[in-house]
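Here the structure comes first, spelled out in structure tokens, and everything after it is commentary.
All of the numbers you see were taken from the coordinates with simple rules; none came from a lab. Being a predicted model, the structure only gives us computed values, none of them experimental. Positions of Cβ are generated from backbone atoms using ideal geometry, with glycine treated the same way; all protein chains shown enter the neighbour counts.
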Amino acid sequence: MDYFSGLLTGFSLALTPYNLLFGFVGALLGTAVGVLPGLGPAATISLLLPLSYALGNPITSIIMLAGIYYGAMYGGSTTSILLNIPGEAASVVTCIDGYQMAKKGRAGAALGMAAIGSFIAGTIGVIGLTFVAPPLSAFALKFGPPEYFSLTILGLMLATYLSGKSILKGMIMAVFGLLLATVGMDPVTGNTRYTFGFLILEDGFDFLTLGMGLFGIGEIFLTLEGKVKAQLVTTKITNLWPTLKDWTLSKGSVIRGSGVGFFVGLLPGGGAVIASLLAYAVEKRLSKEPQKFGQGALEGVAAPESANNAAASASFIPMLTLGIPGNPAIAMIFAALLIQGVTPGPLLLKEHPNLFWGVIASMYLGNALLLVLNLPLVGLWVQMLKVPYSILAPVIVLICSIGVYSMKNDVSDVMMMVIFGVVGYFFRKLQFELGPLLLAFVLGRILERSLRQALLISRGDVSIFITRSISAAFLAVVALMILASIVMILYKKMKAKPSS
Amino acid sequence: MNLWERWTAAFLIFLGVAAAALAYRMGFGDLHHPGPGFFPFWLSIILAFLSFIYFFANRRTTASGKPLWGKGDWGRPGLAAAVMFGYTLLMGELGFFSSSFLLFLFWLILIEREKWKTIGLVSLLGTLCFYLVFSFFLKVPLPRGILF
């Protein structure tokens, strides 16, 4: 199937009233939940994931989930601009100038530019996805178990490397996540592992239970510490559509932000977060009036918002083509597809072309839907932000509990979710990043299967991972990253010594 | 590195060693035919090794470590965890409706210290809304108990 006929098929699927409706519902719900402070895209998707299970059809499910993801990404910017609390990590920089603009009575312009910038960048990202994904998929068809093993290690390493301050803590989290994935039945021999006689552990930990616990419940515990005091901008929000002057000022920022976002988003790790920070830094450096940044510069909203949406689109590429989810939110979508019986990866385009192109087409539509949805509904989002957290928190707990309970109709899963919530809270307090843990958990079974298959093929010869060129290249990058981080640590220590 | 981090590192080392011992007993196999314990064994060893580095690499910075919680910071999260654990224990016994009503009630009394009017109204309406949406309209088979 070439690009044109693929896209045509995709649009014919995405435009069916049923899929269009669920794409719309996904974008609406994603924005509604994403607007709430403290709930980022990963938490939003985990909260709404059970809804997609009910749909049964994988194409409709992923269309809805992609809508939720985009919606959650956009919802985060509304919180940043109006409340000065980042709705998600990728919107941290939007707070800087967005909130200043809102305080000066320009909340409408900031929200409008965030929406339009997100739409343009998201569309650029999807165009990139349309053309990059098929050749990458074709290349990945050459991969056997050794290549998959090395690629998964590389993906995890990149996620660890880019997602936090401490690579050591990130690696500990990744290995812990891999270990959690081994609980339950061994996929090859059928023996049980680490179940300690508990029947509930025989199927292993459920992805949703882990995700909701770590990101949903854990987030509530953190928010309850209540260190951040929110101040909602109460001025009337008008003039959402940017003026000609606004547009002239920000069009370069939107384009540059889209470019930065797309390329950074391709990397597993904190794609959207790093993209938005980098785009902001680039804009400030290129600006003729850098002193305006931090005081309410429109470019300071346009660039990071464009970057994080382009990165959101680009992050689908490694998942759809290589089967490597780059961030926790994409890992949720990845797991949802696995549950629906679809394995994302190089064979996806070959085995499920309708799903592949349907998703891409739905992303074009999802971007447009968000623009149509968000500008008129800004008033509604502002009202949602007024709901006190004292009421929201038990509501979130109930939604999480129902979602987890409804999977197996087992109360023990709800208990497990709360335990993971406590674990997630402690890890976050100790500055451990949870992203690598979740990614590793999702990739754990794939990693183990490819390792065991590779060893079987090579009759126990581990050199298979370095004698095959693609696998060796992936492992060389991993080795370079480890080396670079060791050098960095030693350099920092040497630099700190004279001053101490 | 503060005391909490040191304890976490120690716990992770213990976890790694214990998990490795258990994995070895599961059946290690050999390189040609790895057994069920092969992969978890190596993961556990790596976890213990990384945690060991984490423990020792930061051992000199004990004095500068900031406390994990400020005064009273842990109070509300601790109460929330207790209320949630209570909720999960009661859900199977009392059913969804009654246990969710109690969750709202205790949450708003103990954690948020809301006014009685708000507590009563939110607990009742909140539970009723959830019950109607999920059990009545979406037909989610929620646990039944003393009331519904």
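Looking at region B:99-118, which of its residues are surrounded by 18 or more Cβ atoms within 10 Å (Cβ to Cβ), within 10 Å of chain A (Cβ to nearest Cβ) and either assigned to a helix (DSSP H, G or I) or of a type in the set (S, T, N, Q) (or both)?
B:SER99, B:SER100, B:LEU103, B:PHE104, B:LEU105, B:PHE106, B:TRP107, B:LEU108, B:ILE111
List the helices (runs of 4 or more DSSP H) inside region A:358-454, counting only whole elements, that have at least 2 residues being basic (Lys, Arg).
Result: A:411-429.
Which pairs have Cβ atoms under 8 Å, sit 6 or more apart or on different chains, and link a residue in region B:32-45 that is more than 8 Å from chain A (Cβ to nearest Cβ) to one that is of a type outside the set (Lys, Arg) and assigned to a loop (DSSP other than H, G, I, E, B)?
Going by the 8 Å Cβ cut-off, the qualifying pairs are B:PHE41/B:PHE28.
Within region A:88-112, track down each residue that is over 16 Å from A:GLN295 (Cβ atoms) and either assigned to a helix (DSSP H, G or I) or free of Cβ contacts under 8 Å to residues at least 12 places away in the same chain (or both).
A:ALA89, A:ALA90, A:SER91, A:VAL92, A:GLY108, A:LEU111, A:GLY112
Filter region A:409-429 down to the residues that are without any contact (Cβ under 8 Å) to a residue 60 or more places away in the chain and surrounded by fewer than 19 Cβ atoms within 10 Å (Cβ to Cβ) and list them by number.
A:ASN409, A:PHE426
Give region A:376-394 a look and list any residue that's within 7 Å of another protein chain (Cβ to nearest Cβ) and surrounded by fewer than 21 Cβ atoms within 10 Å (Cβ to Cβ), or say none.
A:SER390, A:ILE391
Across region B:131-148, what is the number of residues that are in contact (Cβ under 8 Å) with a residue 12 or more places away in the chain and surrounded by fewer than 11 Cβ atoms within 10 Å (Cβ to Cβ)?
Residues meeting the conditions: 1.
Please go through region A:168-182 and pick out each residue that is more than 9 Å from every other protein chain (Cβ to nearest Cβ) and surrounded by fewer than 23 Cβ atoms within 10 Å (Cβ to Cβ).
Matches in region A:168-182: A:LEU180 only.
Output the helices (runs of 4 or more DSSP H) that fall wholly within region A:242-322 and possess 3 or more residues being free of Cβ contacts under 8 Å to residues at least 12 places away in the same chain and out of contact with any helix residue (DSSP H, G or I) (no Cβ under 9 Å at 6 or more places or on another chain), or say none.
It comes to A:244-265.
Determine, yes or no, whether B:LEU15 is part of a loop (DSSP other than H, G, I, E, B) and farther than 30 Å from B:LEU147 by Cβ.
Answer is no for this residue.
Could you please give the count of residues in region A:453-499 that are within 14 Å of chain B (Cβ to nearest Cβ), among the hydroxyl-bearing types (Ser, Thr, Tyr) and under 25 Å from A:LEU322 (Cα atoms)?
So the count comes out to 2.
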